[in-house]
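**Q** Quick one: the structure is below, questions incoming.
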Amino acid sequence: MSIIKIKVLVVSMLIIFFIQSFLSLNSKSATFDEVQYFGIGKYIMLTQKWDIMGAILHPPLSYYLNSIPLLFVEEDKAIWSYEEKERNLDFLGAVDYYRGQNLLSMAENKNDRLLILSRLTVTILSLVLGYYVFLFAGTLFGEMSGVVALGLYTFCPNMLAFSGICVPDMPLTVFCFIFSYYYWLSLKYRSTKNTLLAGVFLGLSLLTKFTAIAILPISGIATLIYSYKYKEKRVVSWCWVALIGILILFIGYGFNITPYIQGNEYRASQLELGQSSFLAGNYSNKGWWYYYIIAFLLKTPSPDLDPASSCNFAHNKKISRKDV
């Protein structure tokens with residue numbers, strides 16, 4: 001298939017994805033999580049303070065992105081006032097849905113226009129992810145495999161569901177996936193550019209959710225395996241990626257890393273207390289080790305569970321090194 005036809009297919013599927021996502025985000029009311037996160041990013045950006053309810057629930061990048069539309073409107077500053085409250089971990093990690101409801105009830109948000117614009121920031125990131133799904137699969141298995149992978153992504157219910165709501169899940173998915181792509185390239189080709197990009201997207205991942213810290217040991221182990229298998233030293237490359245990622249993390253916090261530490265402490269305290277969970281007719285305060293395995297199998301469309309079989313349709317040559 002010609003390059004022009006490939007490009008037309010890719011652009012067409014990204015447009016189809018956007019239409020589906022936009023129709024969804026334009027018709028749904030705010031979810032519970034969106035209510036509690038709404039506007040936090042604007043407050044942190046303008047004050048560089050993490051002294052309000054919900055400020056340490058997540059690292060600030062998704063807050064920043066989702067609050068861009070709110071930078072152009074004014075709200076009642078009293079909603080950010082908690083003068084009589086002690087700024088302990090329980091307060092900083094607590095949910096203030098009354099504040100979110102007040103922000104969503106502003107005249108400037110008539111017909112949910114601010115909420116819709118905030119959601120669009122996530123949708124745009126989702127389109128970027130779609131392109132990298134095509135690029136990564138195409139690099140590994142050939143151009144048609146990239147098209148097939150993008151097709152699966154375009155109609156995946158999970159991707160569409162999270163592409164239209166202002167929560168950190170989709171941004172984390174985007175940044176982690178792009179990190180994986182560039183880090184794979186940096187291992188394979190010893191590219192300074194790809195090492196730098198991998199470090200940047202690692203940092204963006206760390207700035208999006210606390211669970212992204214798992215990327216560091218996972219990528220470190222992968223580096224050791226790669227170095228042993230191919231008899232090539234890549235540990236220095238991993239160190240550079242980690243350093244760049246940590247630097248991006250510090251920059252995102254304005255070099256005040258205390259809220260990041262507080263957020264991890266708060267999440268750790270939540271794990272000790274447990275959280276009510278439900279699975280297959282059973283309740284638990286501690287959950288089940290196989291919960292996410294079952295959820296993944298139940299919620300993921302069958303073709304996505306075996307993408308390799310779909311890639312067998314592709315017989316075109318792989319994208320060359322110069323294309324990536």
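**Q** Just to verify a result, which residue in the stretch 54-75, among those that are more than 22 Å from the chain's Cα centre (by Cα) and assigned to a loop (DSSP other than H, G, I, E, B), is surrounded by the most Cβ atoms within 10 Å (Cβ to Cβ)?
**A** If we take residues in the stretch 54-75 being more than 22 Å from the chain's Cα centre (by Cα) and assigned to a loop (DSSP other than H, G, I, E, B), then GLU75 is surrounded by the most Cβ atoms within 10 Å (Cβ to Cβ).
**Q** While we're looking at this one, here's another question. Regarding the stretch 237-246, can at least one residue be identified that is surrounded by fewer than 21 Cβ atoms within 10 Å (Cβ to Cβ), among the small types (Gly, Ala, Ser) and either within 17 Å of TYR131 (Cα to Cα) or in contact (Cβ under 8 Å) with a residue 12 or more places away in the chain (or both)?
**A** yes
**Q** Here's another thing I want to ask about it. Taking helices (runs of 4 or more DSSP H) that fall entirely within the stretch 205-324, which contain at least 1 residues that are at pLDDT 85 or above?
**A** 215-230, 235-252, 258-273, 291-299
**Q** Moving on to the next point. For the stretch 98-111, what are the residues that are surrounded by fewer than 16 Cβ atoms within 10 Å (Cβ to Cβ) and touching a residue at least 40 places away in the same chain (Cβ under 8 Å)?
**A** GLN101
For (1) in the same structural domain as ILE246 (by TED's automatic domain parsing); (2) among the hydroxyl-bearing types (Ser, Thr, Tyr); (3) free of Cβ contacts under 8 Å to residues at least 40 places away in the same chain; (4) in contact with a Leu (Cβ under 6 Å, 6 or more places away or on another chain), each residue gets a yes or a no:
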{"position": "PHE134", "(1), (2), (3), (4)": "no, no, no, yes"}
{"position": "GLY151", "(1), (2), (3), (4)": "no, no, no, no"}
{"position": "LEU160", "(1), (2), (3), (4)": "no, no, no, no"}
{"position": "ILE178", "(1), (2), (3), (4)": "yes, no, no, no"}
{"position": "TYR189", "(1), (2), (3), (4)": "yes, yes, no, no"}
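**Q** Right, another one. Cβ-Cβ under 7 Å, sequence separation 6+ or interchain: first residue in the stretch 20-42 and more than 11 Å from LEU115 (Cβ to Cβ), partner acidic (Asp, Glu). Which pairs?
**A** As it stands, the answer is GLN36/ASP96, since those pairs meet every condition given.
**Q** Name the residue, out of ASP76, ASP96, ASP51, ASP90, that is under 13 Å from PRO259 (Cβ atoms), charged (D, E, K, R) and not assigned by TED's automatic domain parsing to the domain that holds LEU249. Full working, then the answer.
**A** Values: ASP76 fails: under 13 Å from PRO259 (Cβ atoms); ASP96 fails: under 13 Å from PRO259 (Cβ atoms); ASP90 fails: under 13 Å from PRO259 (Cβ atoms).
Residue meeting the stated conditions: ASP51.
The values are calculated or read from the model by the stated rules, or taken from the named source; none is laboratory data. Not measured: the values here are computed from a predicted model. Note: ideal-geometry Cβ built from the backbone for every residue, glycine included; neighbour counts use all protein chains shown.
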